[in-house]
1. Based on the Cα atoms of the range 3-63, what semi-axes does the equivalent ellipsoid have, where each is the square root of 5 times one gyration tensor eigenvalue, given in whole Å with the largest first?
2. Add -39500 (n - 2.57) for each DSSP H run of 4 or more in the chain, then divide by its residues: what number comes out at 222 nm, to the nearest 500 deg cm²/dmol?
3. Full-extension gain between Tyr57 and Ala45, please, as 0.36 nm times their residue separation minus the C-alpha to C-alpha distance.
4. Quick check: pseudo-label points 7 Å beyond the Cα along Cα→Cβ at Asn5 and Thr65, how many nm apart are they?
Amino acid sequence: MNKTNILDALTQLSPAERLAVIEEALRQLRQEIDRPLTSAARTHALQHAAEALREDYLNDPELTTFTSLDSEAWDDAR
């Protein structure tokens, strides 16, 4: 079932029934969001995020401008 099918099916429900379905969907989503990630899932999510931004970091100098400071000792600035 895809999003279009779900939205079409919702139109066949009464407003009260639609609200109940939406509330349950939100409850399930909150549970999923609140569930802590396993180490493997966290690693996978971070890898996916890094891959998604790779081209930006390779091609946008504004995102890497501060890397010129990488060779400086950070504790010398105190």
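Each value in this text was obtained by applying a stated rule to the coordinates, not by laboratory testing. The model shown is predicted, which means the values in this text are computed figures rather than measured ones. Methodologically, a virtual Cβ is constructed for each residue, glycine included, from the backbone with ideal geometry; neighbour enumeration extends over all protein chains shown.
1. For the range 3-63, the ellipsoid semi-axes come out as 37, 18, 9 Å.
2. After summing the helix terms and dividing by residue count, I get -21500 deg cm²/dmol.
3. Length gained, Tyr57 through Ala45: 2.5 nm.
4. In this crude spin-label approximation the distance works out to 5.0 nm.
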